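No value in this document is a laboratory result; all are computed from the given coordinates. Just so it is clear, the structure is predicted and the values come from calculations on it, not from any experiment. FYI the Cβ positions are ideal-geometry reconstructions off the backbone, even for glycines, and counts take in every protein chain you see.
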Amino acid sequence: MDGGLVTLEKNQGIAYVTLSRPDKYNALNFDMFKAIDKVIKQLQQDKQLRLVILSGAGGNFSSGLDVKSLNKDPSKALNLLFKWLPGNANLAQRVSLGWQRLPVPVIAVIEGICYGGGMQIVLGADIRIASDNAKLSIMEAKWGLVPDMAGLAGLRQLIGKDQALKLTYTAEVIDAEKAFAIGLVTEVSLEPMARAKALAEQIMQTSPDACAAIKLSINRSWTGSLRSLLSRESVSQVRLLLGKNRLIAALRQTKDPQKPYKNRKSWW
């Protein structure tokens, strides 16, 4: 779709989303931003979807913003940043924040370089699995810019404030092991895609409604008040108790381990 800049393949409930501009290290031009946003909106409507695996083609995730392409057409840069209200998400922010808003687990597979805008995108994923040769950087300061793609929404839940400031101030490129040590990535693997698929199979043994409720509760409550956390947990639990997938989950644990789940409810 969209000139092949982003590919989407679905197989047995898993959506494989691939940034596909390998000759440019999957650098993000305006059309790629639109393509990512379009895929997220499409996935949002898919009730059969169980999980997303997000990756980059050609052995790299993304080198970040394609500055040259946007400099050639300043109107596209304006469209990228435009929003009606400051508190709304613009196109640049939706390609990171959109993954958090999907009601299914999102696993980012990080190979090769993952800089700037690419780093902002993977910060929107729930789980980040990096190859042992991955290089990561919050690189915006190098270009005289501030990170403005909503990656901070994920970053503040992962690492300490001092580490976030250090990485952002310096635009330092760090390897996968250091990223793991500070909590920027979830795991380091010699075969990150294979590991992502194995983890996906493990997650898919649980109820799609339970996964949706867990993601909603944790994402919204992580930095929220205790009162809102307690309220959200109670509401989610009632919804799960009223759904068929809770009964199926119990049967899978006792009499019928292979009984298929029903599609995820629309209220998540």
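Here are the numbers:
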quantity	calculated
Fluctuation leader among Pro192, Pro86, Pro257 - the chain, Gaussian network, Cα springs under 10 angstrom	Pro86
Dimensions in Å of the range 1-157 - Rg and Dmax from alpha carbons	14.5, 44
Positive-pole candidate from Gln157, Leu102, Asn133, dipole of the chain, charges at beta carbon	Leu102
Selected from Ile36, Ile159, Ile113 as most flexible by GNM, with the chain as the system and alpha-carbon contacts under 10 Å	Ile159
Cα lying deepest toward the dipole's positive end in the range 222-262, options Val235, Pro257, Trp222, charges on Cβ	Pro257
Stokes-Einstein D (µm²/s) once Rh is taken as the Kirkwood radius of the chain over alpha-carbon pairs, at 25 °C in 0.890 mPa s	127 µm²/s
For the range 83-102 versus the range 109-123, the gap between their alpha-carbon centres in whole angstrom	17 Å
Partner lysines for Lys166 [C-alpha distance under 19 Å; skip if fewer than 8 residues away on the same chain]	Lys135, Lys142, Lys178
Percentage of interatomic Cα-Cα distances in the range 160-268 larger than 17 Å	69 percent
Amide H contacts under 5 Å for Ser189, placed H, 5+ residues apart	Ala130, Ser131, Asp132
Interchain or long-range residues, amide H under 5 Å from Leu51's placed H	Ala15
Ratio of the Cα radius of gyration of the range 53-104 to 2.2 N^0.38 Å, where N counts its residues	1.38
Karplus-derived 3J(HN,Hα), 6.51/-1.76/1.60, for each residue of the range 194-209, Hz, glycine and proline x	4, 5, 4, 5, 5, 5, 4, 4, 5, 5, 6, 6, 9, 5, x, 5
Antiparallel DSSP beta bridges within the range 1-106, as percent of all bridges there, nearest 5	45 percent
Rounded to 5, the percent of DSSP beta bridges in the chain classed as antiparallel	30 percent
Sparse-neighbour loop sites [chymotrypsin sites (Phe, Trp or Tyr not before Pro); the range 78-160; at most 14 other C-beta within 10 Å; DSSP]	Phe82, Trp84
Highest-MSF residue in the chain out of Val52, Val106, Val67 [GNM, Cα springs under 10 Å]	Val67
Beta bridge orientation in the range 87-223: antiparallel %, DSSP, nearest 5	15 percent
Neighbour count of at most 16 Cβ within 10 Å plus DSSP loop: longest trypsin sites (Lys or Arg not before Pro)-free window in the chain	157-254
From phi via Karplus (6.51, -1.76, 1.60), per-residue ³J(HN,Hα) for the range 243-253 in Hz, x at Gly/Pro	x, 6, 5, 5, 5, 5, 4, 5, 5, 5, 7
For the range 175-187, 3J(HN,Hα) per residue [Karplus equation, 6.51 cos²θ - 1.76 cosθ + 1.60, θ = phi - 60°, Hz, x = Gly/Pro]	8, 5, 5, 5, 4, 5, 4, 9, x, 6, 10, 7, 8
